[in-house]
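Q: Before we start, here is the structure in question, set down as structure tokens.
The values are calculated or read from the model by the stated rules, or taken from the named source; none is laboratory data. All figures in this text were calculated on a predicted structure; none of them were measured in a lab. With ideal geometry, Cβ positions are generated from the backbone for all residues, glycine too; neighbour counts draw on all protein chains shown. For accessibility, only protein heavy atoms count, side chains too; no ligands or nucleic acids. Shrake-Rupley method; radii C 1.70, N 1.55, O 1.52, S 1.80 Å.
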Amino acid sequence: MPDRVYLHPIDPELIPGARNAIDVCLRLKPQERITIITDTATREIAAALQREVERVGSDYRLFVLEHHARRPLAHMPEIILDDLALSQVSIFAAQTQPGELTARTQMTSVVNNHKIRHGHMVNINREIMLEGMRADFLKVDELSQRLVERARQVKRITCKTPHGTEFEAELSPKLKWLKTSGLIRKDKWGNLPGGEIFTAPQNTNGIFVVDGVVGDYLCERFGDLKDNPLTIEVENNRIVDLRSENKDLRDEFRAYTSTDENSNRVGEFAIGTNTACTHIIGHILQDEKIPGVHIAFGHPYAEHTGANWFSKTHIDCVGRDFDIWFNGDQVMKGGKFLV
């Protein structure tokens with residue numbers, strides 16, 4: 001019998017989101033095997049997921065990271081990687097710590113190599129389980145499909161906000177658009193809650209005002225940036241200037257995007273499509289799915305987009321209240337889709 005993470009009654013408010021993850025997003029079948037990876041801080045949510053797996057009747061193994069290695073993780077423990085390779089489905093529901101991206105990359109490499117349907121619930125919390133994870137992911141998928149089909153025909157996307165963003169992405173047919181709508185398939189793992197389309201842009205230029213959130217471990221530290229935004233100036237896909245009244249935010253973001261030669265390079269241009277996400281909550285996992293644009297500096301998910309470069313880092317940047325144009329045709333106004 002696998003280890004259990006629940007000894008007391010599970011919060012019933014977590015069950016709808018957990019059931020959505022298992023039944024709708026991952027489509028777990030009784031004859032399949034699933035690996036669940038969690039940590040002590042996320043036990044309550046993992047318990048709800050575990051109970052839903054037991055309801056389905058699938059074989060599973062659950063790992064609490066702190067039981068197998070010291071945090072922050074230098075590497076993903078071999079026992080977890082070996083178990084992953086035996087499963088058709090997996091979930092990572094845990095909190096991030098500085099310096100752990102390499103460990104998560106080792107995990108997703110196994111996921112990619114073995115074509116595992118993987119739900120990536122980094123920094124998942126109760127609020128997200130009650131909001132973004134309760135989305136109608138079939139409708140989110142329909143919207144995402146309509147949008148990605150149009151995006152694949154576009155050479156240029158322009159976006160603006162009333163807060164100062166004026167940003168343009170040039171796109172290449174050699175670089176693929178991906179849809180991660182929450183319906184997870186074996187050819188591309190996805191974040192949960194899902195709801196975005198993204199590509200690695202050929203080039204980007206302009207001003208991007210991050211008045212939503214920044215990603216990775218900086219998100220927990222700085223939260224909602226509405227009152228102290230970070231303004232990023234980009235030329236030819238590289239950061240050329242950073243400005244913020246919050247000097248700690250500016251300096252830590254600069255340090256993060258100076259980690260390697262491509263950490264300051266735009267590796268992702270994305271549009272959020274989860275219409276159940278209506279406001280910034282200060283958590284990147286959900287906030288990047290809000291209808292609008294987000295970009296990321298660093299790793300371009302080359303194994304999926306076809307980009308020919310790499311970075312050890314990846315940090316998302318989310319803004320608010322977007323207008324978006326595809327080749328001059330407006331597809332969003334004030335954060336609302338027109339398609």
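Q: Against the longest alpha carbon principal axis of the chain, how many degrees, from 0 to 90 and to the nearest 10, is the axis of helix 43-56 turned?
A: Orientation of helix 43-56: about 60 degrees from the principal axis.
Q: Follow-up question, since we're still on this one. Quantify, in whole percent, the carbon and sulfur part of the accessible surface of region 245-339 (1.4 Å probe; protein heavy atoms only). Mind dumping the intermediate values first?
A: On the way: 1570 of 3580 Å².
Carbon-and-sulfur percentage of accessible area, whole number: 44.
Q: Give me D for region 47-103 in µm² s⁻¹, whole number, from Stokes-Einstein with Rh from the Kirkwood sum over alpha-carbon pairs, 10 °C and 1.306 mPa s. Show your work: numbers first, answer last.
A: Details: Rh = 12.7 Å.
Result for D is 125 µm²/s.
Q: Using r as the Cβ-Cβ distance of Asn246 and Asp11, and R0 as 22 Å, what FRET efficiency do you calculate, to the nearest 0.05? Mind dumping the intermediate values first?
A: Numbers: r = 35 Å, r/R0 = 1.57.
The computed FRET efficiency comes out at 0.05.
Q: If you count only protein heavy atoms and use a 1.4 Å probe, how large is the accessible surface of Asp321, to the nearest 10 Å²?
A: Near enough 70 Å² of accessible area.
Q: Round to a whole number: what % of the accessible area of region 1-84 belongs to carbon and sulfur, probe 1.4 Å? All intermediate terms of the calculation are to be shown ahead of the outcome.
A: Working: 2080 of 3990 Å².
Whole-percent figure for carbon plus sulfur exposure: 52.
Q: Moving on to the next point. If the convex hull of the alpha-carbon atoms of region 198-339 is projected onto planes in all directions, what is the mean projected area in square nanometres?
A: Working: hull surface 33.0 nm².
Orientation-averaged projected area of the Cα hull: 8.2 nm².
Q: For region 215-257, I need the span (max minus min coordinate) of the C-alpha atoms along each principal axis, in Å, sorted largest to smallest.
A: Each principal axis gives a Cα extent; for region 215-257 these are 29, 20, 14 Å.
Q: Now for a different question. When the chain is fully extended, how far beyond the present Cα-Cα distance does Asp59 get from Lys186, taking 0.36 nm per residue of separation? Numbers along the way, then the final one.
A: Values: separation 127, 0.36 × 127 = 45.72 nm, distance 1.84 nm.
Once the chain is fully extended between Asp59 and Lys186, it gains 43.9 nm.
Q: Helix 101-113: angle to the longest alpha-carbon principal axis of the chain, degrees 0 to 90, nearest 10?
A: 70 degrees
Q: Convert 4 °C to kelvin, take the viscosity as 1.567 mPa s, use the Kirkwood radius over C-alpha pairs of the chain as Rh, and evaluate the Stokes-Einstein diffusion coefficient in µm²/s, rounded to a whole number.
A: On the way: Rh = 20.0 Å.
Diffusion coefficient, whole number: 65 µm²/s.
Q: In addition: Given a Förster radius of 30 Å and the C-beta distance between Asn203 and Glu142 as r, what FRET efficiency does 1/(1 + (r/R0)^6) yield to the nearest 0.05? Intermediate values should be presented prior to the final figure.
A: Values: r = 31 Å, r/R0 = 1.02.
Calculated transfer efficiency: 0.45.
Q: If you don't mind, another one. Any chance you could check the Cα centroid distance between region 302-338 and region 251-297 for me, in angstrom?
A: About 9 Å separates the Cα centre of region 302-338 from the one of region 251-297.
Q: Could you work out how much longer the chain between Ala85 and Ser109 gets when fully extended? Use 0.36 nm per residue separation minus the Cα distance between them, nm to one decimal. Present the calculation step by step, with values, prior to reporting the outcome.
A: Values: separation 24, 0.36 × 24 = 8.64 nm, distance 1.03 nm.
In short, 7.6 nm is gained.
Q: So if I place +1 on the C-beta of Lys and Arg and -1 on the C-beta of Asp and Glu, and nothing else carries charge, what would the dipole magnitude of the chain be about its Cα centre? I want it in debye, nearest 20. The partial results should precede the final answer.
A: Values: 42 positive and 48 negative charges, 197 e Å.
That gives the chain a dipole magnitude of about 940 debye.
Q: Mind jotting down the distance between the C-alpha centroids of region 96-126 and region 208-238, whole Å?
A: Between the Cα centre of region 208-238 and that of region 96-126, the gap is 23 Å.
Q: Label region 154-198 by shape, choosing from rounded, prolate and oblate, from the square roots a ≥ b ≥ c of the eigenvalues of the Cα gyration tensor; if a/c is under 1.5 it is rounded, and otherwise prolate applies when a/b is larger than b/c, oblate when it is not.
A: Values: a/c = 4.46, a/b = 1.55, b/c = 2.87.
Oblate, since a/c reaches 1.5 and b/c is not below a/b.
Q: Report relative contact order for region 1-138 in percent, whole number only (criteria: Cα-Cα under 8 Å, sequence separation at least 6).
A: On the way: 224 pairs, mean separation 42.3, N = 138.
It comes to 31 percent, rounded to a whole number.
Q: What value in Å³ per residue do you get for the convex hull of the alpha-carbon atoms in region 101-162? Kindly include the intermediate steps, with their values, before the conclusion.
A: Details: hull volume 12.4 nm³, N = 62.
It comes to 201 Å³ per residue, whole-number rounded.
Q: Give the value in nm², to one decimal: projected area of the alpha carbon convex hull of region 168-227, averaged over all directions.
A: 5.7 nm²
Q: Can you pull a Stokes-Einstein diffusion coefficient for region 1-153 at 20 °C (1.002 mPa s), Rh from Kirkwood over Cα pairs, as a whole number of µm²/s?
A: Details: Rh = 16.1 Å.
Using the Kirkwood radius from Cα pairs, D works out to 133 µm²/s.
Q: Compactness ratio of region 19-69: Cα Rg over 2.2 N^0.38 Å, N = residue count?
A: Working: Rg = 11.0 Å, N = 51, 2.2 N^0.38 = 9.8 Å.
Ratio of Rg to 2.2 N^0.38 Å for region 19-69: 1.13.
Q: Next question. On C-alpha positions alone, give me the angle between the axis of helix 137-151 and the longest principal axis of the chain, in degrees, nearest 10.
A: Taking Cα atoms only, the helix is inclined about 30 degrees.
Q: Sort Glu288, Glu44 by accessible area with a 1.4 Å probe, largest first.
A: Sorted descending by solvent-accessible area, the residues read Glu44, Glu288.
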